[in-house]
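Reviewing the structure listed below.
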Amino acid sequence: MNRYILPLSVLGTAVGGAVLLKDYVAGGACPSKATIPGKTVVVTGANTGIGKQTALELAKRGGNIILACRDMEKCEAAAKDIRRETLNHHVNARHLDLASLKSIREFARKITEEEEHVHILINNAAVMRCPHWTTEDGFEMQLGVNYLGHFLLTHLLLDKLKASAPSRIINLSSLAHVAGHIDFEDLNWEKRKYDTKAAYCQSKLALVLFTKELSRQLQGTGVTVNALHPGVARTELGRHTGMHSSAFSSFMLGPIFWMLVKSPQLAAQPSTYLAVAEELEGVSGKYFDGLKERAPAPEAEDEEVAQRLWAESARLVGLEMSSGASEKGQPLRK
C-alpha cells in the first residue's frame, strides 16, 4: 500500500498545480462585490455564452437586465433561465438584429421610449471567422455585426446613457485586435480576396479605436467607455474556426485548450467587473485584458485613424456629422 503513496501524492500535486495554473492563466472572479439594484443594463448577444453569463452575474447583483438578441426563442429561454436562477424578475428579452440597421434603430427607439434609464450598455454580441456573408445593408458580416452595428446602437442610446449618468459602456473586443488593420480603401472586402481571420481582427481593432474616440467625446458627461478582451471561452463563437475539426488536432491541442480556454462563467467576469466596480468610476478609454488594464496595439491608439474611422462609420450607417463638424470625429446627431 505504501508504495502507492508517493506516486499518488505526486499525481495529486501535479493535478492541483495544473488547476491552480489554469485559474491563474484564465483569470479569476470579479473582485468587486458591488451591487446595482435598480440599474438598467442592456447586454447584446445575451442568449448564450459570455453574454448570457454576464447578464446572469448582473441580475444576481440586482440589475434590471435587458437581453438584446436576434433569436427571440433562445433569448426568451435565456431570460427565463436567469430569472429562475437569480429570482430576479426584472430580466427581459428584446429583439435586436445587429446585421440590420433597421432592427437596431427600432430596438433603440423602443428602449428610449420604454425605459426611464440605461445605466450600462454591454456590446457583447459577435460573429467570428464566418464565411464571406453580408448583412442586410451590404456590410461584410464581421465588420457589420461586431463593429458597425454596435457603433450605431451606442450612438442611438447615448442621450439615454447621458441622462442616466454615471453610466458605462463596455465594448467586447479581443486580443485578436493586435493583428488587425483598418483598410480604409476596402473596409467591406469588396476588392480583395476575403480573409475571414483578417476580417475578424479588423472588426475587433475597430472596436478599440471606437472606444478611444468615443471616450474623448464623452469627457465631462459622466458616461465612460472601455474595451476588453474577455479571454478565449468555450462558446458557440468559435463554431466557424474548425479548431476541433479533426481528432488529431483535438488530441494534440486538447491540453493547451484546457489550460487557456475559459468557461463562459469565468469569461464573463471581466465584463461584470467593468460594469460594477466602484474603483473604475470615471475610468474611460482604456483597454482591459481580463481584469487588468493593458496597452492595446499601437494602431488602436492612433487618434487620426480613430477619427477617420468614426467619420467613415457614421457615413456607412447613415448618421450625420454635427453642425460645423469636420473629419475630426466630432459628436454626431441623429
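Details
- Contacts under 7 angstrom Cβ, first residue in the range 197-222 being touching a residue at least 24 places away in the same chain (Cβ under 8 Å) and of a type in the set (Phe, Trp, Tyr), partner buried (at least 24 other Cβ atoms within 10 Å of the Cβ) and outside any helix (DSSP H, G or I), 6 or more apart: 210/171
- Of the residues making up the range 182-209, those that are of a type in the set (D, E, K, R) and over 21 Å from the mean Cα position of the chain (by Cα) are 183, 185, 186, 190, 191, 192, 193, 195.
- Residue in the range 197-208 that is closer than 30 Å to residue 161 by Cα, at pLDDT 95 or above and exposed (fewer than 14 other Cβ atoms within 10 Å of the Cβ) present: no
- Any hit, the range 19-28, residues being closer than 18 Å to residue 276 by Cβ and at pLDDT below 95: yes
- Per this entry, residue 84 is not counted among residues that are more than 21 Å from residue 50 (Cα to Cα) and open to solvent by 70 Å² or more (accessible area, probe 1.4 Å).
- Filtered by the rule that a residue be in contact with a Gly (Cβ under 9 Å, 6 or more places away or on another chain) and open to solvent by 10 Å² or more (accessible area, probe 1.4 Å), the range 87-102 gives 88, 90, 97, 98, 99, 101.
The values are calculated or read from the model by the stated rules, or taken from the named source; none is laboratory data. Keep in mind the model is a prediction, meaning the values are calculated, not measured. With ideal geometry, Cβ positions are generated from the backbone for all residues, glycine too; neighbour counts draw on all protein chains shown. The accessibility values were calculated without ligands, DNA or RNA, using every heavy atom of the protein model including side chains. Shrake-Rupley method; radii C 1.70, N 1.55, O 1.52, S 1.80 Å.
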